[in-house]
Every structure is written in structure tokens, then in C-alpha cells.
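S.K.: Submitted below is the structure of interest, expressed as C-alpha cells.
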Amino acid sequence: MTNILITGGSGLIGRRLTEILLERGYLVSHLGRTKGNGSVKSFIWDIDKQLVESGSLEGIDVIVHLAGAGIADAPWTMKRKREILESRTNATRLLYKELKKDKRTIKAFIAASAIGYYGFGTQDEIFTEETKPGNDFLATVTQRWEEEVDTIESLGIRVVKIRTGIVLSERGGALEEIARPVKYYVGAPLGTGNQYVSWIHIDDLCGIYCKAIADLSMSGAYNGVSPTPITNREFTKAIASTLHRPLLLPHIPGFVLKLILGEMANLVLQGSKISADKISSAGYTFKYIDIRSALSDLLEKE
Ligand SMILES: NC(=O)c1ccc[n+]([C@@H]2O[C@H](COP(=O)([O-])OP(=O)(O)OC[C@H]3O[C@@H](n4cnc5c(N)ncnc54)[C@H](OP(=O)(O)O)[C@@H]3O)[C@@H](O)[C@H]2O)c1
């Protein structure tokens, strides 16, 4: 039986991935900053002190590395920016150090990454895994994070990086934030509304993780996005239509969002059109290609 250890397994993606892996017959344990709720075996680590609870890597075949401070959970002060970066780089370095001492039974290391790697694009640009990285804050964080992840390959472990788009889930994350104003009749496209949203249904993302675990031919970076990016305006309209709400406001001006969110406003005012060709060619079949079917599945569950 394949034994999987998930770091940050208590988060949005980790919880759903755990359910799916258990359903598929995998053994799952978590590595986090605190003990879990008992649903699966859990171990703790102290990233600042570079300590991992003993036994956490014993018998593990694959590590799925999701841990990292939430990108949009708090204002981007200097301190928070450092936490966003170091929670990823230091955590990965800690795992590298542990595996360098003894790589044990571990054969694959599947790490989260983000489409933020590419920076933001114009309307016509399509970013593939070959595209050069961007140079804004998130692009820099993502490159530094991936560089740490790549060191694990030197230990003879298969490494896969999933450059994740905007994950749509009924249990929180971006969709909840975007759908809330629409639900209360104050939703509207953000800024020009023309910026691209490269989204993915959480079950497809977890499907890609499952494939990366099982498919020994996968290595390197793969974009984790649906094949159908849409504009922020189309996305907002699709949410409104799924929730049966009118869109009464024409749009929320960019400068208002910049006043409220500062630099973080770029997360919603700018976008990027990301290609899913590589993961599709690797043989992954998406369950949700059409935004309306994804939203119906997620928003009509409530
Ligand atoms: N959701 C998305 O739309 C999206 C998009 C692109 C990339 N990603 C990436 O995918 C990964 C998982 O995403 P997610 O949505 O599941 O994130 P999440 O819900 O924020 O969960 C991340 C987990 O990381 C751990 N964590 C939080 N702060 C930490 C810190 N300061 N130091 C170390 N660990 C910390 C927590 O687990 P413990 O409390 O158990 O330690 C948390 O549950 C993240 O690295 C994220 O950047 C997500």
C-alpha cells in the first residue's frame, strides 16, 4: 500500500486530497505545526527550529508538500512577506536536510507551486511551463520556493511541481471571497474585468496530484489549471448566474481596490492565461472544463 505524507495537510487542498487518497486506498499521514484532529495520523514540525518529529518519514513512499503561509490571508507587510517566503523555503530546506541524512523509502516529492511564478500577462499571452518567470513579489517567492524543491531531485527522488491556478472549492479559498459580494447583491467585475482567471476545480487539482503520485513518468513543473481560463468579467457573471443574482454594479474601480488592499490588489486586478496542455498531454482528463459546470457543482452544494 502506498504511504503518503502531506505537509500542510490541514489546509484547503490538503483536506480534500486526503479524502480522495483515502478513498483510493492510500495510507495518509500529515505533517503540520500542530497535531491534527485525529482523522489521519499526524506529526509535527518546527520550521524555525528546523525540527521534524521522529517517525514522520518512516515508511513513507511519497511526500506531498503543500505547507506555506496563506498568500491572501493577511496584509502584505514586510513581516508577512517574509513569512510567505520563508514558510515555503525553510520548510522545504528542512525536508531536504532530513532526506539528505537518510532518504529512507521515499521515491517521489510532489510539491505545490503557483502560477504566480509567471507574473502577470497581457490579454494575448499564454504561459506554458517553458515561459520565463516574472519579477513581482509572488513570482520571486515562487521561484525561490521551486529552487528549494529542485534540490530534492539531487537526492535521487522524483520531483513534480504543480504550478497551481485559482483553486475553486466549496469549503473556502478564492471562490468564497468572490461569491460572497455577489450573493449579497454587491458583486461586480474587478477593475477592467478583462484580466484572466486561470481557475481549477479542487477535484481536478487533487486528480492531478493523484496522477503525479502514481505516474512515474511525470517529473518537473506542470501547470495545475483547467484548459479554459476566462476573464474576471465572465467569471463574475458565471457566479451570479449560478447563484441566481443580478449584477447591479458595472465594476469595482481598480483604484478603490488598491486603496483597500495595497500591493495585494494585483492578485485580483491582474491575471494570466495559463496553458493546461502539458498535463493534458501527460494523460490527465479534466472533469471540469466549463466554468458553469464547476460552479454548479460547488455553489449548488450549499
Ligand atoms: N488554494 C489556491 O488557490 C492555491 C493556488 C496556488 C497555489 N497554492 C498553494 O498550494 C498550497 C496549499 O494551498 P491551500 O489552499 O491548501 O493552503 P492553506 O489552506 O492556506 O493551507 C496551507 C497549510 O500550510 C500550513 N501553514 C500555514 N501557515 C504556515 C506557516 N507559516 N509555516 C508553515 N506552514 C504553514 C498550514 O498547515 P498546518 O497548520 O497543519 O501546519 C495550512 O493548513 C500552498 O502552498 C499554496 O500557496 C494554493
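The values are calculated or read from the model by the stated rules, or taken from the named source; none is laboratory data. Here the structure is a predicted model, which means the values were calculated and not measured. All Cβ positions, glycine included, derive from the backbone under ideal geometry; neighbour counts span all protein chains shown. These area figures cover heavy atoms from the full protein model, side chains too; ligands, DNA and RNA do not enter into them. Shrake-Rupley method; radii C 1.70, N 1.55, O 1.52, S 1.80 Å.
S.K.: Given the pairs K211/K287; K81/K211; K81/K273, which are separated by over 21 angstrom at their Cα positions?
M.R.: Numbers: K211/K287 14 Å; K81/K211 32 Å; K81/K273 25 Å.
From K211/K287; K81/K211; K81/K273, over 21 Å: K81/K211; K81/K273.
S.K.: Report the local net charge at A188: Lys and Arg +1, Asp and Glu -1, summed over other residues whose C-beta lies under 15 Å from its C-beta.
M.R.: Details: positive: R180, K183, R233, K237, R245; negative: E177, E234.
Spelling it out: positives minus negatives among the neighbours equals +3.
S.K.: Could you derive backbone 3J(HN,Hα) for the stretch 281-296 from the dihedral phi with the Karplus parameters 6.51, -1.76 and 1.60 (θ = phi - 60°), listing whole Hz in sequence and x where the residue is Gly or Pro?
M.R.: Using θ = phi - 60°, the values come out as 5, 6, x, 7, 9, 6, 7, 10, 9, 8, 4, 5, 5, 5, 5, 4 Hz.
S.K.: Figure the gain on full extension for V256 and R292 (residue separation times 0.36 nm, minus the Cα-Cα span) and round it to one decimal in nm.
M.R.: On the way: separation 36, 0.36 × 36 = 12.96 nm, distance 2.86 nm.
This chain segment gains 10.1 nm when fully extended.
S.K.: Would you please put 54-61, 85-92 in order of how densely packed they are, using the mean number of other Cβ atoms within 10 angstrom per residue and starting with the highest? Display every interim value, and only then the final one.
M.R.: Details: 54-61: 14.9, 85-92: 20.8.
The most tightly packed comes first, giving 85-92, 54-61.
S.K.: Describe numerically, in nm with one decimal, the distance between label points set 7 Å from Cα along Cα→Cβ at I44 and at E23.
M.R.: Going by the 7 Å Cα→Cβ label model, 3.2 nm.
S.K.: Along each of its three principal axes, how wide is the spread of alpha-carbon positions in the chain, in whole angstrom units, largest first?
M.R.: 59, 40, 38
S.K.: Let me ask something else about it. Take the alpha carbon atoms of the stretch 37-115, find their radius of gyration, then divide it by 2.2 N^0.38 Å using N residues; give the quotient.
M.R.: Against the compact-globule rule of thumb, the ratio is 1.20.
S.K.: Of K79/K103; K35/K183; K101/K161; K49/K100, which ones are farther than 27 Å apart at the Cα? Show your work: numbers first, answer last.
M.R.: Numbers: K79/K103 33 Å; K35/K183 35 Å; K101/K161 23 Å; K49/K100 18 Å.
Result: K79/K103; K35/K183 exceed 27 Å.
S.K.: For V28, list long-range residues whose amide hydrogen, built 1.01 Å from N in the peptide plane, is under 5 Å from its own amide hydrogen.
M.R.: So V28 has HN proximity to I4.
S.K.: Given the chain, what percent of its DSSP beta bridges are antiparallel, to the nearest 5? Walk me through the numbers on the way to the answer.
M.R.: Values: 5 of 39 bridges.
Looking only at bridges with both residues in the chain, the antiparallel portion is about 15 percent.
S.K.: Grab the other residues whose beta carbon is less than 15 angstrom from that of I152, score K and R as +1, D and E as -1, and report the net.
M.R.: Details: positive: R88, R93, K97, K100, K101, K103, R104, K107, R144, R158, K161; negative: D61, E98, D102, E146, E147, E148, D150, E153.
Surrounding charge for I152 is +3.
S.K.: Here is a further query. Leaving out ligands and nucleic acids, note down the accessible area per residue over the stretch 25-133 with a 1.4 angstrom probe, in whole Å². Don't skip to the end; give the middle numbers.
M.R.: Working: 5730 Å² over 109 residues.
For the stretch 25-133, the per-residue accessible area is 53 Å².
S.K.: Test of understanding: given the chain, find the longest segment containing no chymotrypsin sites (Phe, Trp or Tyr not before Pro) that are in a DSSP loop and have at most 16 other Cβ atoms within 10 Å.
M.R.: Values: sites that count: Y184, Y185.
My reading of the result: 1-183 is the longest stretch.
S.K.: Note down the relative contact order for the chain as a percent, whole number, built from C-alpha pairs under 8 angstrom at least six residues apart.
M.R.: Reported as a whole number, the value is 17 percent.
S.K.: In addition: Percent of Cα-Cα pairs more than 18 Å apart in the stretch 24-168, please. Present the calculation step by step, with values, prior to reporting the outcome.
M.R.: On the way: 6287 of 10440 pairs.
Beyond 18 Å sits 60 percent of the P(r) for the stretch 24-168.
S.K.: Quote the relative contact order of the stretch 1-86 in percent (integer), defining contacts as alpha-carbon pairs under 8 Å separated by 6+ residues. Intermediate values should be presented prior to the final figure.
M.R.: Details: 125 pairs, mean separation 27.3, N = 86.
Relative contact order of the stretch 1-86: 32 percent.
S.K.: What do you get for the angle between helix 232-243 and the principal long axis of the chain? Use alpha-carbon atoms, 0 to 90 degrees, nearest ten.
M.R.: Around 90 degrees separate the two axes.
S.K.: Give the Cα extents of the stretch 96-163 along the principal axes, in whole Å, largest first.
M.R.: Principal axes ranked by extent give 47, 19, 15 Å for the Cα atoms.
S.K.: Rounded to whole Hz and in sequence order, give me ³J(HN,Hα) for the stretch 58-72 from the Karplus expression 6.51 cos²θ - 1.76 cosθ + 1.60, θ = phi - 60°, writing x for Gly and Pro.
M.R.: 5, x, 7, 9, 9, 9, 10, 9, 10, 4, x, 4, x, 5, 10
S.K.: Hey, what angle do you get for helix 12-23 against the long axis of the chain, alpha-carbon based, 0 to 90 degrees rounded to 10?
M.R.: Taking the Cα atoms of the chain, the angle to 12-23 is about 60 degrees.
S.K.: Counting DSSP beta bridges in the stretch 1-158, what percent are antiparallel, to the nearest 5?
M.R.: Working: 2 of 20 bridges.
Of the beta bridges lying entirely in the stretch 1-158, close to 10 percent run antiparallel.
S.K.: Between the stretch 48-67 and the stretch 183-232, what's the alpha-carbon centroid distance in Å?
M.R.: 27
S.K.: Now for a separate question. Can you give the net charge of the other residues whose Cβ lies under 15 Å from the Cβ of I63, counting K and R as +1 and D and E as -1? Intermediate results must be reported in sequence, preceding the final value.
M.R.: Values: positive: K41, R88, R93, K97, K100, K101, K103, R104, K107, R158, K161; negative: E53, E58, D61, E98, D102, E148, D150, E153.
Result for the neighbourhood of I63: +3.
S.K.: Another one. Explain nothing, just the number: relative contact order of the stretch 108-209, from Cα pairs under 8 Å at least 6 residues apart, as a whole percent.
M.R.: 31
S.K.: Need one number: the % of Cα-Cα pairs in the stretch 230-302 sitting beyond the 18 Å mark. Before the final figure, lay out the partial values.
M.R.: Numbers: 1533 of 2628 pairs.
Value for the stretch 230-302: 58 percent of Cα pairs lie more than 18 Å apart.
S.K.: In whole Hz and in residue order, list the ³J(HN,Hα) couplings for the stretch 249-256 that follow from phi through the Karplus curve 6.51 cos²θ - 1.76 cosθ + 1.60, θ = phi - 60°; x for Gly and Pro.
M.R.: 8, x, 5, 9, x, x, 5, 5
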